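Every read-out reported here was derived from the displayed coordinates using simple, explicitly stated rules and does not represent laboratory data. Predicted, not measured: the structure shown is a model, and the values here were computed from it. Reconstructed Cβ throughout: ideal geometry from the backbone, glycine too, with neighbour counts over all protein chains shown.
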Amino acid sequence: MSEPLHHAPRRRKLTSLALALLTATGLLAFAPGAAQAAAAPADHCVVNLSTGETTCAATQAGALAADAAAAEDVGIMSVTLITLYDRTNYDPAGGTRSFVADGSYTCSAAYSPVEFSVDYLDAANWNNRASSVHTYRSCDIKLWDTVTLSGASSTWIDNLANLDTIGWANRAGSYQIS
């Protein structure tokens, strides 16, 4: 028995709806992986100590370029003072945190006064992660065991490819730059 003509458009709509739901369901099966990849945080960040802004990207070069563009927007040029690496030997593959300031900035030769203090590395998801540190512009870094510049502290460090050689790998919760 053939279907009345007035039911044919309804059947097409239902079929279209069913296909749309199947397509959406199929896409949803793939969406969690794609959403997780898109939502994964960029593990290379630049903290601009002059502006207070943090810029992150998928690569260290990308994060530095994004910070430079943001700094230019407010009329300054930023330069890197220190970079912390999640891995030894300045390997950026595990992630980096670079701390930059206005381009005219150079650290003093003395350890006092301290030029900058970052008292809570956990805010940048870097508590207990640094395995090597590279310093620039005559800066040195002093690491502190816990946040708020408390607990044990390291000596002043220039460049160090493996913080474990002085017992400070994956230990710093805050730091000072001088």
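With R₀ set to 30 Å, the beta-carbon distance separating residue 159 from residue 72 gives a calculated FRET efficiency near 0.60. Both radii come from the Cα set of segment 35-156: Rg as radius of gyration, Rh as Kirkwood radius; their ratio Rg/Rh reads 0.96.
Name the shape class, rounded, prolate or oblate, that the alpha-carbon gyration tensor gives for segment 60-121, where a ≥ b ≥ c are the square roots of its eigenvalues, rounded holds for a/c under 1.5, and otherwise prolate holds if a/b is larger than b/c and oblate otherwise. Note, shape of segment 60-121 comes out oblate.
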